[in-house]
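Data block below; observations after.
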Amino acid sequence: MFYGWILLSTLSVIYFLSVGAIFYGFAAVIPQIIEDEGWSRVQVSAGFSILTAAAGLSGPLIALVIQRFGARMAIVVGSLFTIFGATLMYTGEGLSNFYLGLCFVGVGMGMQTVIPGTQLLTRWFQRYRALALGVFLSSAGLGALIAAPTFGFLSESYSNWRILMPVIAASALLSSILAGLIVRERPEVMGLMADGRPMRDATMAVAGTPHQTSSVWTVSIAIRTYAFWMVVLGASLAVAGSTIVNSQAILHMEELGLSRVLAASALGVAGLLGTLGRLISGVLGDRIEPRFLLAWGLALEAAGIAVLLLASHPVTAYIFASVFGLGFGLAVVATPALIANYFGSESYASLYAARGVLVTLMGAMAPIVAGFLYATTNGYSVTFLGFAILTGVAALLVRSAKPPVHSSVPVRP
């Protein structure tokens, strides 16, 4: 069996452990943190923004570690950051320790998940690149399905959010052990090319409809293209929608009369449908242009968050979760596939990190803006409807982002 499939399985487990426990698990205990600590909604939402910002803004550091020491080492080092941050939140008191701990946990989550994982998969897979990315990224949705309701239930049952920090630390440690034992940087070290082709077939053309560049793109040239900035725009709004939903949806649905467990379960359903969306995007992304999938995903996110505004009944809560989750799943796979297809795998980590800085700034600001608008307007109407309109427009722009062409870019022989 091609070792790339074993690698894909391992990276998927790592992503499941890290993002499920940290991102979705933390989102589910936000109401308990507010109750236990007496902090305001804006203060705790700012913590979620810090977590998101630390994960995304550390992209250049992660890319540097990958370039010098490899993706496997990035995953191992990431566990140290996460364990230290979880320990600080478990033992520390006050907002400053809370924020600092989330900063370390965010960096650790970033070092163990998207950039190293997708970098490895773009090297190991070419013909089945979108499928591999879809399977990998879908594991986060499964993490949401399990972690969100479980963490929500435990925090409410024990009335103590801190008892979940050792779970986060243990998940990070297990991820680093798996990476050290199984991850291999390139198929060439095993005498293979991408997709398991023998070395003698290194020049074999890749069949399929989606464009895959044969040019050597550098970061400086790629960031001058319209296509790159449309990918950044689409990814920014997809992530902003996710951070808004994960930081505000449970609070909003509780205010509309739904129980916390039901609201957390709806968030888990969004993760499940996100998993389905990732898999659909992975299967279709090797057959049709991923920019169409990104556009469709943004349109579904816009529709889903509009429904969230009216989610006062379990039926509407689960409709919101299903539509939004499916849209986010489509978008989250299409973004790395577009970067790899349009600009190649060698500059992928640096380009994804550059994209990540800008995407993270919007994603990190979204919960703060949502919390501020809630306080000033006494509701979420402005936030949710404004996001829906903006994202709908972005879907049309993303759809127009055709593969870039640059005459000064050398073509591989």
Review point. Given a Förster distance of 60 angstrom, what is the FRET efficiency for THR209 paired with GLU93, based on the Cβ-Cβ distance and rounded to 0.05?
Key: 0.60
Point to revise | In Hz, Karplus ³J(HN,Hα) per residue of region 226-242 (6.51, -1.76, 1.60; θ = phi - 60°; x = Gly, Pro) | key: 4, 4, 4, 6, 6, 5, 4, 4, x, 5, 4, 6, 4, 5, 4, x, 5
Review point. How large is ³J(HN,Hα), in whole Hz, for each residue of region 243-257 in order, when computed from phi with the Karplus curve 6.51 cos²θ - 1.76 cosθ + 1.60 and θ = phi - 60°, using x for Gly and Pro?
Key: 5, 4, 5, 5, 9, 10, 4, 5, 4, 5, 5, 5, 5, 7, x
Review point. Share of region 67-221's accessible area from carbon and sulfur, percent, 1.4 Å?
Key: 66
**Study point:** Alpha-carbon centroid distance for the pair region 356-384 / region 271-293, whole angstrom
**Key:** 27
Point to revise | With Cα atoms, 0 to 90° folded angle of helix 59-69 axis to the chain main axis | key: 50
Point to revise | Residues of region 122-159 with amide N under 17 Å of the 7 Å Cα→Cβ point at ILE182 | key: 122, 124-125, 132-143
Check your understanding: Any idea what angle helix 3-19 forms with the longest principal axis of the chain, computed on alpha-carbon atoms, 0 to 90 degrees, nearest 10?
Key -> 20
Review point. Once label points are set 7 Å from the Cα along Cα→Cβ at both GLU35 and ILE288, what is their separation, rounded to one decimal in nm?
Key: 4.5
Exercise for review: Calculate one ³J(HN,Hα) per residue across region 161-167 by plugging θ = phi - 60° into the Karplus curve 6.51 cos²θ - 1.76 cosθ + 1.60, and present them in order as whole Hz with x for glycine and proline.
Suggested key: 6, 5, 5, 8, 5, x, 5
Study note, to complete from the structure: Between HIS313 and LEU256, the two model label points (7 Å from Cα along the beta-carbon direction) sit apart by a distance in nm of 1.1
Review point. Accessible area, 1.4 Å probe, largest first: how do MET362, MET89, MET193 sort?
Key: MET362, MET193, MET89
Study note, to complete from the structure: Under a Gaussian network model of the chain whose springs join Cα atoms within less than 10 Å, the largest fluctuation of TYR158, TYR99, TYR128 belongs to TYR158
Point to revise | 222 nm mean residue ellipticity, helices alone, for the chain (DSSP H n ≥ 4; -39,500 (n - 2.57); rounded to 500) | key: -26000 deg cm²/dmol
**Study point:** Calculated FRET efficiency for the pair SER220/ARG68, C-beta based, R₀ 25 Å, to 0.05
**Key:** 0.80
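The values are calculated or read from the model by the stated rules, or taken from the named source; none is laboratory data. All figures in this text were calculated on a predicted structure; none of them were measured in a lab. Here Cβ is always computed from backbone atoms with ideal geometry, including for glycine, and neighbour counts include all displayed protein chains. These accessible areas exclude ligands, DNA and RNA; they are computed on the full protein's heavy atoms, side chains included. Shrake-Rupley method; radii C 1.70, N 1.55, O 1.52, S 1.80 Å.
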